[in-house]
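Below is one structure, written out as structure tokens; the observations come after it.
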Amino acid sequence: MLTRRLLVGSFLVGGLLAAGLALWAALGQADEEVLPPPGRWVLAALCAAVWLYTATRAWVALFEAPAQRRTLTGAMLLSQLGKYVPGGGLVQVTGMVAMSRSDQVSTSRLALGLPVIALSVVATGGVAVGALSLADTALPGWARVLCLVGFASPLVLWRPLMAAAVSIAGRVFRRVPPPDDLPSQRAILVSAAWNAVSLTATALGYAVLVQPLGTDTDLVSLVVVFMVAWTAGFVVLPLPSGVGVREAVLVGLISGAAVSSVGASVAHRVINIVVEVTAVLFYMALGRLWARRAAGAPELS
């Protein structure tokens with residue numbers, strides 16, 4: 001118990017510090033960009049809240065362990081702060097596994113849950129790549145045809161295919177968990193559905209920010225483009241929060257001024273950091289309330 005508290009405490013302090021520095025840097029960059037009107041920031045914040053909530057549900061759904069829902073939720077929220085430290089996504093996923101560990105959910109199940117989450121994100125992003133063939137973007141005709149391959153990406157969510165891949169990996173690496181520790185097919189699909197909603201929500205948040213800044217691209221196409229850009233940033237784990245990759249894809253695919261798309265991306269990053277930090281602090285406050293109730297202490301009025 002003490003080790004877990006030290007882990008959570010160190011991750012919280014380090015993550016909040018790193019997120020604060022990232023927020024400061026993003027605010028400094030925001031002064032140099034064309035930014036959306038205030039009303040759009042509010043809409044984007046609501047989308048960010050939906051994004052974080054559904055991303056958390058996607059992680060919890062994999063393990064079908066209702067009694068561990070609080071632990072899994074807390075680990076997911078805290079791990080979001082890890083992507084702002086050096087090492088980016090690698091720190092995030094390592095922290096998520098370590099803080100999710102419990103008697104009911106083993107390390108091996110958690111370890112296999114990570115690639116399942118990644119594959120569900122890739123599947124959603126792949127469908128978005130396929131949708132680029134129909135979206136209003138700057139893609140040439142030959143590229144639109146190639147994008148159609150993305151519609152086949154949900155095949156990676158087929159559990160027998162995952163099990164075969166895990167078995168092959170287990171022959172090469174000793175510490176790979178057995179395929180039996182993979183989530184059930186139902187859990188995989190439920191998690192993937194939550195992830196699809198999550199990615200759509202954060203993409204919509206970006207779209208409402210960039211639309212009033214002079215771009216010639218319609219709202220639906222903006223959502224599709226951001227889903228592709230976010231997925232590209234997601235798979236580049238060593239970079240903190242996919243910084244640079246996402247913006248490069250956005251500038252390349254969105255019709256209109258590059259300055260506007262980058263300015264909206266900066267605003268989107270600022271909003272997400274604020275929502276993530278707020279969610280972590282709110283969850284920590286709830287945790288103290290739950291602890292008081294469990295101990296039978298009187299609640300504060």
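Taken together, the values in this text are just the output of simple stated rules run on the coordinates, not laboratory data. Note that the structure is predicted; figures quoted are calculated from it, not measured. For neighbour counting, all protein chains shown are included, and Cβ atoms are generated from backbone atoms with ideal geometry for every residue, glycine included.
What is the extension gain from A193 to L161, computed as 0.36 nm multiplied by their sequence separation minus the C-alpha to C-alpha distance, in nm to one decimal?
Full extension from A193 to L161 adds 9.7 nm.
Based on alpha-carbon centroids, what's the gap between segment 123-200 and segment 276-295 in Å, whole number please?
So the separation of the two Cα centres works out to 34 Å.
Roughly what would the spin-label model give for V220 and L27, points 7 Å off Cα along C-beta, in nm?
About 3.9 nm separates the two model spin labels.
Determine, for T200, T278, the number of other Cβ atoms within 10 Å of each Cβ, and report the residues in order from fewest to most.
Going from sparsest to densest Cβ surroundings: T278, T200.
Considering the options I271, L72, L43, tell which one lies farthest towards the positive end of the dipole of the chain, charges being +1 on Lys and Arg and -1 on Asp and Glu at the Cβ, about the Cα centre.
Result: L72, furthest along the dipole toward the positive end.
Which of L146, L286, L157 moves most in a GNM of the chain, Cα contacts under 10 Å?
Result for the chain, Cα springs under 10 Å: L286 fluctuates most.
Using 10 Å bins from zero, what percent of all Cα-Cα pairs in the chain falls into each bin?
Calculated over all Cα pairs of the chain, the distribution is 6, 26, 33, 23, 10, 2, 0 percent.
So what is the relative contact order of segment 2-295, in percent, for Cα pairs below 8 Å that sit 6 or more residues apart?
29 percent
Which residue, P66, P177, P36, tops the fluctuation ranking in a GNM of the chain built on C-alpha contacts under 10 Å?
Residue with maximal mean-square fluctuation among P66, P177, P36: P66.
Between S106 and R288, with labels modelled 7 Å along Cα→Cβ, what's the label distance in nm to one decimal, could you check?
3.8 nm
Computed from the mean reciprocal separation of all distinct C-alpha pairs, what Kirkwood hydrodynamic radius does segment 142-184 have, in Å?
That comes to 12.2 Å for segment 142-184.
What distance in nm separates the two pseudo spin-label positions at L12 and V145, each 7 Å out from Cα along the beta-carbon direction?
5.7 nm
Just tell me, in residue order, which DSSP H segments of the chain are both 18 angstrom or longer along the helix axis (alpha-carbon based) and at least 1.6 in mean Kyte-Doolittle hydropathy.
Counting only whole DSSP H runs, the qualifying helices are 219-235.
What residues have an amide H closer than 5 Å to that of V85, excluding those fewer than 5 places away on the same chain, when H is modeled at 1.01 Å from N in the peptide plane?
Amide H to amide H, under 5 Å and 5 or more residues apart or across chains, V85 pairs with nothing.
Show that you can apply the helix-only estimate: for the chain, add -39,500 (n - 2.57) for every DSSP H stretch of four or more residues, divide by all residues, and state [θ] at 222 nm to the nearest 500.
Only helices count here, giving -24000 deg cm²/dmol.
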